[in-house]
Amino acid sequence: MVDTIEAERMQSLFTILQKKMQSELEGVKTVLEHPTALGDASELKWIDWLKKYLPERYCIDKAFIIDSKGNLSQQIDVVIYDRQYTPFIFNDGSAIYIPAESVYAVFEVKQTLNKDHLEYAGKKAESVRNLYRTSDSIIHAGGEYTPIIPKPIIAGILTYDCEWTNGLNDTFIANLKNLQGNKILNLGCSLTVGTFYINSESDRLQISIADESLVYFFLKLFKELQKIGTVPAMNIDEYGKFLNYF
């Protein structure tokens, strides 16, 4: 049984987090009228928030994803990725390019949740999941870990509000279910409406209430990241083959 005082304290902390993020996104929406500037500012808010609360083992940036065959994803608004076993990150100042092996999760950021934005986020997710991921052994003090099979990449959408008058109900669910294969979105937060989450083990869809959307999103995201554990070590030889004398 959860102590009433402890529960109230935690709920209060969760509410503060929710209101702070909502206030910041409202401020961005009020001040910036140009769609591109508004989109960029919203992406940075989500990236900064995730950097603040996720463990430091996770890196978060806006980036393109590349694979060892030279394929490239669309630009992804929020990428959660690893630097320990896949350190091969290109940054030319204007864009970041991350190896497919390092990716844990990808999210599209929009101001509002609607059919078009869901479909667009699905296509972005597909452009990442279609990439080839290598895997290599890892040397440790006690010996060697054999190469692991890359686990599915988490994908979703992050928005401020929702265009559907009934929120994350029948119309939303029907549109979400239309996303199949590599376009499936596992997790998404519409800050003022709620968060949706598809459990990777049971495929059951769960939806939060509006007042708990942000913290619910974070806890479910972290739960899915824990299930992945660690991304595979990239096979450097597969990337080095593009050099003349590697």
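Please treat every number below as a calculation from the coordinates, not as lab data. What you are looking at is a predicted structure, and each value in this text was computed from that prediction instead of being measured. All Cβ positions, glycine included, derive from the backbone under ideal geometry; neighbour counts span all protein chains shown.
A few remarks follow.
- Simple spin-label estimate for Ser137 and Ser94 in nanometres, 7 Å along Cα-Cβ: 4.3
- For Cys162, nonlocal amide neighbours, meaning residues 5 or more places apart or on other chains whose placed amide H falls under 5 Å from its own, are Leu113.
- To the nearest ten degrees, helix 35-53 and the longest principal axis of the Cα atoms of the chain are 80 degrees apart.
- Helix-only mean residue ellipticity at 222 nm for the chain, each DSSP H run of n ≥ 4 adding -39500 (n - 2.57), per residue, nearest 500: -12000 deg cm²/dmol
- Packing rank of 86-96, 205-215, 155-165, where each peptide gets the mean count of other beta carbons within 10 Å, highest leading: 155-165, 205-215, 86-96
- ³J(HN,Hα), Karplus 6.51/-1.76/1.60, whole Hz, each residue of region 120-126, x for Gly, Pro: 5, 4, x, 5, 5, 4, 4
- Virtual spin-label span in nm between Glu212 and Tyr85, 7 Å along Cα→Cβ: 3.3
- Helix 213-228 axis, angle to the chain major axis (alpha carbon atoms, nearest 10°): 20
- Of all DSSP bridge pairs formed entirely within the chain, close to 60 percent run antiparallel.
- Ordering Tyr104, Tyr85, Leu118 by Cα displacement along the dipole of region 67-139 toward the positive end leaves Leu118 in first place; charges were set at the Cβ atoms of Lys, Arg (+1) and Asp, Glu (-1).
- Computed magnitude of the charge dipole of the chain (debye, nearest 20; Cβ of K, R +1, Cβ of D, E -1): 260
- Dipole of the chain [Lys/Arg +1, Asp/Glu -1 at C-beta], most positive-end residue of Ile47, Phe217, Tyr132: Tyr132
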